[in-house]
Amino acid sequence: MVKEALDVHMESRRLVVRYGTRLGVGVGGGVSLPLYRRRITALIGPSGCGKTTFLRALNRMHDLTPSARVEGEVLLDGENIYAPGVDPVLVRRRVGMVFQKPTAFPTLSIYDNVAAGLKLVGIRDRKRLDEAVERALKAAALWEEVKDRLRAPASGLSGGQQQRLTIARALAVEPEVLLMDEPTASLDPISTQAIEDLLLTLKEQVTIVIVTHNMQQAARVSDYTAFFLNGEMVEFGPTETLFTKPQDPRTEAYITGRFG
Amino acid sequence: MSRERDLALRRRYWVERLMLALVALGTLLAFLVLFLVLAYALFQGAGALNLDFFLKDMRPPGEAGGGLRQAIVGTLLVDGLGLLLALPFGLAAGILLAEYPDHPLNPYLRLLSDTLNGMPAILFGLLAFILVVKPMGGFSGLSGAFALGFLMIPILARSTEGVLSLVPKEVREAGLALGLPRWRVILSLVLPTARAGLITGILLAFARAAGEAAPLLFTAFGSPLLELNPLKPMDTLPLRLFAFAISPYEDWHQKAWAAGLVLFGFITLTSLLARWASRRRF
């Protein structure tokens, strides 16, 4: 197999996010970080270091917070998603997101949860929806468990299943990039394992950015890792290098468990 | 354990008991009023409550028998029509307040709905008189529905806002992250999640308006006969209660109490329905 060339899929350039008058992320010059196509990039760092804030800037989720201001650029295939005239809805169709808390839509069935992103933009073709739902649920390793009760309410699923459901829901709209904000934080070890296995399969098609508190998880699944501290990105590099030969003493202190 | 600390602790327990007793007494007194009203209404009006009360229209004074069918049906029609008129505006205002918190109109909307919530109900009647009765040249059920609708809009707006703000923000974010436009997320994900609470708010606004007489005095006006045409004057229970209560006839007094009982039962039923709806989450 030919090793495919590294290719920058998304990239932040001197990105700064401010909340009102409080300090935000990247205030000291901005965060510049490449995200490579069909690779997994992990964002690690102690609580409050800004990794989630950074992640949410990548698909314009901050648009909903009136006090948040974003400066700098985020390039998606070379186009700045914060350029005037860019529709955040179209950005979010290409850059999907999975949240920390499993959030199945409580009023919808399992099927309708997965189909939500398609049905609610007006796709009615039964066959196409059926196929997309099956494909997404298989990709999220949930199909076998739910195929006989697709019409049942999604609120009846376990936490681990709901999280895989939200992944299936995100995949159904076929995003190019998947942002994951501590997707296994509220799950037990078995569900965590299932999702980590899933990530390794998914990256054949999708670029993944994952925020995690768990350094073992970052080491296990990611190809690249960025270390955040106090709102700044301290170090970025191939995961193996960052964990074995960190350049910055603060990175070393964090990964060896001396703080955080 | 020192002796003073022991004493201080004991005193605190006494204060707690005293406070609890005061709170319980206050609650009991509040209930006593409700109980007395209900008991007296039952005592005075229960005798007039029979099948005819619901199935027959009122009779002229001095004639025995008859009922208040025209007022019962009129209450449901005028109130129901008022709700239909108020619903789109009340819901829309509530959605704007809850879902677009940074919208420039919101501070004014909030002040307005607070003011309207506290406004004497008769002023809504006056408004409907000017806007509907005068241009249409006469009293009508429709103008009464407008008056009650005006009354319900701020109640609906505030209850909708409250219920929507209880929907976890994760539901909205998850929807937006799928690339759905904001209006679609609100319509298809947020509103269904809040359905039970929305229904509760609607029922409570309906019950509140059902008990109003003042806004209907110079709008719906009242009618001694069953009237289904909303362009004609219509009767409602609070209007009839008022008219009968100030009449000189013994029989009508009794029927006024009975009207009060029916109204009480109607509002209780609506509230129970609202509680039942809000208990069933999702």
- Note on the structure: Checked pairs for region B:15-44, first surrounded by 10 or more Cβ atoms within 10 Å (Cβ to Cβ), second not aromatic (Phe, Trp, Tyr), C-beta under 7 Å and 6 or more apart or across chains, list as B:ALA41/B:GLY260; B:ALA41/B:LEU261; B:LEU42/B:LEU261; B:GLN44/B:GLN254
- Task: Just give me the residues in region A:132-154 being over 20 Å from the mean Cα position of the chain (by Cα) and within 14 Å of another protein chain (Cβ to nearest Cβ), in sequence order.
- Result: A:ALA132, A:VAL133, A:ALA152, A:PRO153, A:ALA154
- Check B:GLY66 against each of (1) within 26 Å of B:ILE246 (Cα to Cα); (2) under 26 Å from the mean Cα position of the chain (by Cα); (3) crowded, with 16+ Cβ neighbours inside 10 Å and name the one condition it does not meet. (2)
- Taking region A:66-90 as the region of interest, how many residues are part of a strand (DSSP E or B) and under 23 Å from A:LYS119 (Cα atoms)? 0
- Query: When you scan region B:81-195 for helices (runs of 4 or more DSSP H) that lie fully inside it, which ones turn up with 3 or more residues that are crowded, with 21+ Cβ neighbours inside 10 Å, out of contact with any strand residue (DSSP E or B) (no Cβ under 6 Å at 6 or more places or on another chain) and away from every other protein chain (no Cβ under 14 Å)?
  - Reply: B:121-128, B:141-164
- Message: Can you find a residue that is assigned to a loop (DSSP other than H, G, I, E, B), surrounded by fewer than 22 Cβ atoms within 10 Å (Cβ to Cβ) and free of Cβ contacts under 8 Å to residues at least 60 places away in the same chain anywhere in region A:11-20?
- Response: yes
- Task: Can you tell me which residue among A:GLY85, A:GLY72, A:GLY28 is surrounded by fewer than 20 Cβ atoms within 10 Å (Cβ to Cβ), without any contact (Cβ under 8 Å) to a residue 24 or more places away in the chain and away from chain B (no Cβ under 14 Å)?
- Result: A:GLY85
- Message: Could you check region B:66-121 and list, in sequence order, the residues that are in contact with an Asp or Glu (Cβ under 7 Å, 6 or more places away or on another chain), over 30 Å from B:PHE54 (Cβ atoms) and of a type in the set (Gly, Ala, Ser)?
- Response: B:GLY94, B:ALA98
- Item | Lone qualifier among A:ASP181, A:ASP248, A:ASP197 - being under 22 Å from A:GLY96 (Cβ atoms), modelled with pLDDT of 90 or more and in contact with a Phe, Trp or Tyr (Cβ under 9 Å, 6 or more places away or on another chain) | A:ASP181
- Going by the conditions given, is B:PHE221 assigned by TED's automatic domain parsing to the domain that holds B:VAL132, in contact (Cβ under 8 Å) with a residue 60 or more places away in the chain and either surrounded by fewer than 21 Cβ atoms within 10 Å (Cβ to Cβ) or closer than 30 Å to B:MET58 by Cβ (or both)? yes
- Query: Which one is farthest from A:GLY48 (Cα to Cα), of the residues in region A:184-243 that are small (Gly, Ala, Ser) and assigned to a helix (DSSP H, G or I)?
  - Reply: A:ALA194
- Message: Pairs needed: first member in region B:265-276, outside the structural domain of B:ALA39 (by TED's automatic domain parsing); second member anywhere, among the small types (Gly, Ala, Ser) and exposed (fewer than 14 other Cβ atoms within 10 Å of the Cβ); C-beta distance under 9 Å; at least 6 residues apart or different chains.
- Response: none
- Item | Output for region A:227-251, where each listed residue is closer than 17 Å to A:GLN217 by Cα and surrounded by 16 or more Cβ atoms within 10 Å (Cβ to Cβ) | A:PHE227, A:PHE228, A:PHE236, A:GLY237, A:THR239, A:LEU242, A:PHE243, A:THR251
- Query: When the residues of region A:91-106 are filtered to those that are in a strand (DSSP E or B) and at the interface with another protein chain (Cβ under 7 Å from one of its Cβ atoms), which remaining residue is surrounded by the fewest Cβ atoms within 10 Å (Cβ to Cβ)?
  - Reply: A:MET97
- Return yes or no: is B:ALA245 in contact with a helix residue (DSSP H, G or I) (Cβ under 7 Å, 6 or more places away or on another chain), more than 15 Å from B:ASP57 (Cα to Cα) and without any contact (Cβ under 8 Å) to a residue 40 or more places away in the chain? yes
- Query: How many residues does region A:244-258 hold that are in a helix (DSSP H, G or I) and more than 12 Å from A:MET215 (Cβ to Cβ)?
  - Reply: 5
- Item | Residues of region A:107-131 satisfying the condition of being of a type in the set (D, E, K, R), closer than 18 Å to B:GLY179 by Cα and more than 13 Å from chain B (Cβ to nearest Cβ) | A:ARG124
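The values are calculated or read from the model by the stated rules, or taken from the named source; none is laboratory data. Remember, predicted model here, so these are calculated numbers, not experimental data. When we count neighbours, we look across all protein chains shown, and the Cβ atoms used for this are built from the backbone with ideal geometry, even at glycine.
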